[in-house]
Each structure stands twice: as structure tokens, then as C-alpha cells.
Amino acid sequence: TAVLIHNGDLYQKRLKEKTIEQITKLSVFRFPKIDYIPVKVGDSIYLDCYVRMQLVKKINWGTDFDLNNSSSSTNSIGLMVGGNIQNRNVFKGGEIFSFNVNGGVDVNLDGGSTTNSTPSSTLIEKWVNLLDINAETALALPRYVGLFSGREWLKMQDARTKFSVGYRYLQRASDFKISSFYANM
């Protein structure tokens, strides 16, 4: 778990700082704060520990837009549009599910005057220098999942696992086309 302070433990500033760091890394809570309140029980004084934090928005989405132009060797203009969505704490254990998609095109403004174009070239091959389309979905877990499950054996402090699958299509004028699926862990 992210909270490293347990009932009956002696106060350790290091554990307080590490707990705040671990809670922040979950990306599910923001502004974690730990307060210690002295409590007198008989002749002894103990500390009650209060861990406070705010939940972040469960669903987060965003868009990207990029426009560029090149006039060095070819007169071209490029456009990229992308979108992403995140579902934080999807299984109530600090997991983050995300989906990203983006596409970009670089258009030759000289229209078919490239050295690669031939009379039989298609419209895309004449006008488009680059076409790039990507889609990826991922699940990030705040713990190690894999062949060896012993965290103590691996001595991993900040164990994380990310599974992702995606697709990419890339076409560079008439030079080449690549269509690929991928999976990562």
C-alpha cells in the first residue's frame, strides 16, 4: 500500500515523507497531507496520525493540435490532431486506464512537383509527404505484475506495471508504408 505508517509504529519523518511521495505517485489523489496530533493516555503521550488528501477527477481528457510549415527543401505544411482520455482508479486500486489517438499529415504545397512523383502516382503520393496515424490503449498498475511476484525478493521500491496495445500506420510519400500492431508490458 501507499501508506507506510502503521498503528503502534514510532514516529519517523522518513516514513511520513515516503508516504506522501507514494500517495502522489498513484496519480489518484492530490495534495496529500499527514498531520500528527498528540494524545495523552494515562502518563504517556501518543501521536494520532491523520492522512488527508483530495481525489482527482476520475475521468480526464484532452486534445492536442499542432500546425507547422517547412520551406527548406519542399514547401509543405503539417497538421497533427490528437485526443486522449484517462480513467483514474478504474478498479479502485490506483489503476489508470488510458486511450490515445492521433493523426498527422504533411502536405506538399508544390503539388506533385516532387522527385518521387510519376505520372501514375496517386493523389496521396503526389500531395502527401507523410501520413501518420496512431491509436493506443493502456492499463497502468501501481504494483509489479509479472513472472516473479515477490516484491521483497526483487527489492523494488516503486513497483509499477503498464500493459499497452496499439496500432500505427505510417506512409512516407511513395517511399514506404508501414502498418503495425504492438503490445508492451
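Summary of computed values
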| quantity | calculated |
| --- | --- |
| Residues of region 69-91 classified as closer than 30 Å to Arg160 by Cβ, open to solvent by 70 Å² or more (accessible area, probe 1.4 Å) and at pLDDT below 95, total | 1 |
| Failed condition for Arg143, given (1) modelled with pLDDT under 75; (2) open to solvent by 70 Å² or more (accessible area, probe 1.4 Å); (3) not hydroxyl-bearing (Ser, Thr, Tyr) | (1) |
| Among (1) modelled with pLDDT of 90 or more; (2) under 30 Å from Glu136 (Cβ atoms); (3) open to solvent by 90 Å² or more (accessible area, probe 1.4 Å) - the single one Tyr50 does not satisfy | (2) |
| Subset of region 33-59 [closer than 17 Å to Gln12 by Cα, hydrophobic (A, V, I, L, M, F, W, C) and within 27 Å of the chain's Cα centre (by Cα)] | Val51 |
| Among the candidates Gly104, Gly94, residue that is surrounded by 10 or more Cβ atoms within 10 Å (Cβ to Cβ) and modelled with pLDDT of 90 or more | Gly104 |
| Hits in region 2-16 - residues which are closer than 19 Å to Asp48 by Cβ and either open to solvent by 80 Å² or more (accessible area, probe 1.4 Å) or not β-branched (Val, Ile, Thr) (or both) | Leu4, His6, Asn7, Gly8, Asp9, Leu10, Tyr11, Gln12, Lys13, Leu15, Lys16 |
| Output for region 57-106, where each listed residue is acidic (Asp, Glu) and closer than 23 Å to Gln171 by Cα | Asp64, Asp66, Asp106 |
| Matching option when the condition is in contact (Cβ under 8 Å) with a residue 40 or more places away in the chain and under 30 Å from the mean Cα position of the chain (by Cα), among Arg30, Arg88 | Arg88 |
| Test result for Leu55, open to solvent by 100 Å² or more (accessible area, probe 1.4 Å), under 29 Å from Asn102 (Cα atoms) and either touching a residue at least 24 places away in the same chain (Cβ under 8 Å) or basic (Lys, Arg) (or both) | yes |
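The values are calculated or read from the model by the stated rules, or taken from the named source; none is laboratory data. If you're wondering where the values come from, they're calculated on a predicted model, not measured in any experiment. All Cβ positions, even for glycine, are placed from backbone atoms using ideal geometry, and neighbour counts span all protein chains on display. These accessible areas exclude ligands, DNA and RNA; they are computed on the full protein's heavy atoms, side chains included. Shrake-Rupley method; radii C 1.70, N 1.55, O 1.52, S 1.80 Å.
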